[in-house]
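What follows is a short report on a single structure.
The values are calculated or read from the model by the stated rules, or taken from the named source; none is laboratory data. This structure is a prediction, so every number in the text was calculated from the model and none was measured. Note: ideal-geometry Cβ built from the backbone for every residue, glycine included; neighbour counts use all protein chains shown. Each accessible area value is taken on the protein alone, full model and side chains, heavy atoms only, with ligands, DNA and RNA left out. Shrake-Rupley method; radii C 1.70, N 1.55, O 1.52, S 1.80 Å.
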Amino acid sequence: MKKILAFIITSFLLCTVMFSKGFFGDRFFEYKISVPFAISNNCFSVDDFMKKEAVIDFKKYVNDLNGENLDFITTVNPDVSINLNLPHFSIGLDAGLDVFSNIAFSDGLLKFMATGMKINDVIDISVSPKIDIFVYSQANVGLKLSNFNLYVRPGVFIPAVSVSGSTGGIKIENTNSGINIITDTVFNTYSTVDLESIMSDPETFDFDYSVLGIDLAFGGDFFLIPRLLKLSADARIPIVPATMNYQIATSFSSSTTISLAELDAFEMNIPEAEFQNIGSAAYKINRPLVAMGYVDFFPMRNFLDLRVGGGVGIYHPFMTDDTSEFYFQYYLGLTVNVINMLKFSLSSEYTKQIFVQQAGFVLNLRIIEIDLGLSMQSSSFAKSWLGSGFGGYLVFSMGF
């Protein structure tokens, strides 16, 4: 009888500890690896090709774009962090790679495929690439008080490569003598090191730490109504821009005429790229500026979290050229939380100029935590629900 009673009491105490919120919610030491990625466009969707008889309707694509560019967007942001969490204080470090690529084409090519060309018609197809690759590292310092939390994350970053300010495209002219195809495009690539010298002789690599940029992320949260309504905000602002001292102009230039009489024997000659090392550039660049505010409503304590958020972002903030872009952001989401051991979430947001419809799942076994999610994405809100792009993330945490 005593053994049975001891077993029941022990089991009860273990269950109380294991299935409490704090047991699964707080780790003293934590190591985390996260790998988010996404690729999308704002025109073609999976639904267009998942039919028994797929028909490519170029007129529909032109109407869907409504004069906007055809965008192909890729984002990748692998990150590694290590954190120490004390009762009222936390500190950590993290480092990662932030890749953003948006290759935009004008809708001229789709119009050509939809309606063809008449004599004396001219179609212009412009190409506008925006590519940024940042390597960053930052410190995480947090303060936990009774009813609110604060954090600051000072960081340094290196812009490995930036492609922007590019001009030109392809012009197609339909004349009586044939079709003229004229290519005249220049891509400006900026870097913090001399790429041409490194490609010819890797031993010449010499990094100048004075080109580093500095920014500051900060935020906090507090319960306006305990256990029911929480307000929070976070932001990242540039402090010192990074300097990209080298510029390479990559140009494609050609002119070809297709004679109707020689159409069967025509062979398309793809223009070869010409590289021109412009040299010293002193191109200043910052990571995007972001500022968001959130309201969390807990109608069932921690079991259900309803979140609404809004804010702004600036791509290439405080730039002297015309590459800066201001945009609004929003977030709508809900999370079902089972004692911090299992979480399920659904969300819709507009971030980095991309609409994201996402579902997430968290399995937390205290020592190991796995957080994964899948999403549909696009720079078009309507297309983000139709499979014009897909993304996902995997976060693996380990600690005690």
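Among what's in the range 175-187 and is of a type outside the set (Ser, Thr, Tyr) and farther than 18 Å from residue 125 by Cα, pick the residue that is most open to solvent (accessible area, probe 1.4 Å). Can you show your working first?
As a first pass, look at the range 175-187 and keep what is of a type outside the set (Ser, Thr, Tyr): 176, 178-182, 184, 186-187.
Applying the additional criterion that residues be farther than 18 Å from residue 125 by Cα yields 176, 178.
Values: 176: 128, 178: 1 Å².
Within the range 175-187, the match that is most open to solvent (accessible area, probe 1.4 Å) is 176.
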Tell me which of these residue 138 doesn't satisfy, since it passes every other one: (1) closer than 30 Å to residue 88 by Cα; (2) open to solvent by 50 Å² or more (accessible area, probe 1.4 Å). (2)
Suppose we filter 79, 71 for residues that are under 30 Å from residue 154 (Cα atoms) and among the acidic types (Asp, Glu); which single one remains? 79
Filter result (of a type outside the set (Val, Ile, Thr) and loosely packed, with under 15 Cβ neighbours inside 10 Å) within the range 303-319: 303, 304, 306, 318
Just to check your reading of the model, which residue among 374, 363 is assigned to a strand (DSSP E or B), under 19 Å from residue 77 (Cβ atoms) and aliphatic (A, V, I, L, M)? 374
The one condition residue 308 fails out of (1) under 27 Å from residue 80 (Cβ atoms); (2) at pLDDT 95 or above; (3) of a type outside the set (Gly, Ala, Ser) is (1)
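Open to solvent by less than 70 Å² (accessible area, probe 1.4 Å) and modelled with pLDDT of 95 or more, is that true of residue 164?
Values: open to solvent by less than 70 Å² (accessible area, probe 1.4 Å): yes; modelled with pLDDT of 95 or more: no.
Judged against the criteria, residue 164 is not a match.
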Across the range 322-369, what is the total count of residues that are within 24 Å of residue 101 (Cβ to Cβ) and modelled with pLDDT under 90? 3
Does residue 130 meet the test of being touching a residue at least 12 places away in the same chain (Cβ under 8 Å), in contact with a His (Cβ under 7 Å, 6 or more places away or on another chain) and not hydroxyl-bearing (Ser, Thr, Tyr)? no
Scan the helices (runs of 4 or more DSSP H) fully inside the range 26-132 and keep the ones with 3 or more residues being surrounded by 17 or more Cβ atoms within 10 Å (Cβ to Cβ). 58-65, 108-115
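Kindly establish whether residue 226 is over 29 Å from the mean Cα position of the chain (by Cα), at pLDDT 85 or above and open to solvent by 40 Å² or more (accessible area, probe 1.4 Å).
Details: over 29 Å from the mean Cα position of the chain (by Cα): yes; at pLDDT 85 or above: yes; open to solvent by 40 Å² or more (accessible area, probe 1.4 Å): yes.
Yes, satisfied.
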